[in-house]
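The values are calculated or read from the model by the stated rules, or taken from the named source; none is laboratory data. Note that the coordinates shown come from a computational prediction; the quantities given were computed from them, not determined experimentally. Positions of Cβ are generated from backbone atoms using ideal geometry, with glycine treated the same way; all protein chains shown enter the neighbour counts. Keep in mind that these areas ignore ligands, DNA and RNA; they rest on the heavy atoms of the full protein, side chains included. Shrake-Rupley method; radii C 1.70, N 1.55, O 1.52, S 1.80 Å.
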Amino acid sequence: MTVDLSPEYAAKWSRRAGLPLADDRLEAVSATANHVQKVLSVLRPLHLGETPSAPAYAAAEV
């Protein structure tokens, strides 16, 4: 379960990272971060432990 990032937290974490944001950017940044979290949450339950890495795939052999 993830919790949405509020504009206030976006401001806090951007300052901690040394990348302070203008107040008019906070809403867009938090909305984008929340969208990325939702997209990635679909991938979290996938079991990829036995999936070979990309260099193991040889297209010519298919």
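Taken as a whole, the condition of being assigned to a loop (DSSP other than H, G, I, E, B) and of a type in the set (A, V, I, L, M, F, W, C) applies to L5. For the range 10-24, a tally of residues being farther than 17 Å from V36 by Cα, of a type in the set (A, V, I, L, M, F, W, C) and open to solvent by 100 Å² or more (accessible area, probe 1.4 Å) returns 1. A Cβ distance below 7 Å, combined with a sequence gap of six or more or placement on separate chains, defines the contacts here; from the range 1-21, residues that are free of Cβ contacts under 8 Å to residues at least 24 places away in the same chain reach residues that are of a type in the set (S, T, Y) and surrounded by 11 or more Cβ atoms within 10 Å (Cβ to Cβ) in the pairs P7/S30; A10/S30; P20/S14; L21/S14. Residues in the range 37-56 that are loosely packed, with under 10 Cβ neighbours inside 10 Å and either of a type in the set (S, T, Y) or in a helix (DSSP H, G or I) (or both): 6 in all.
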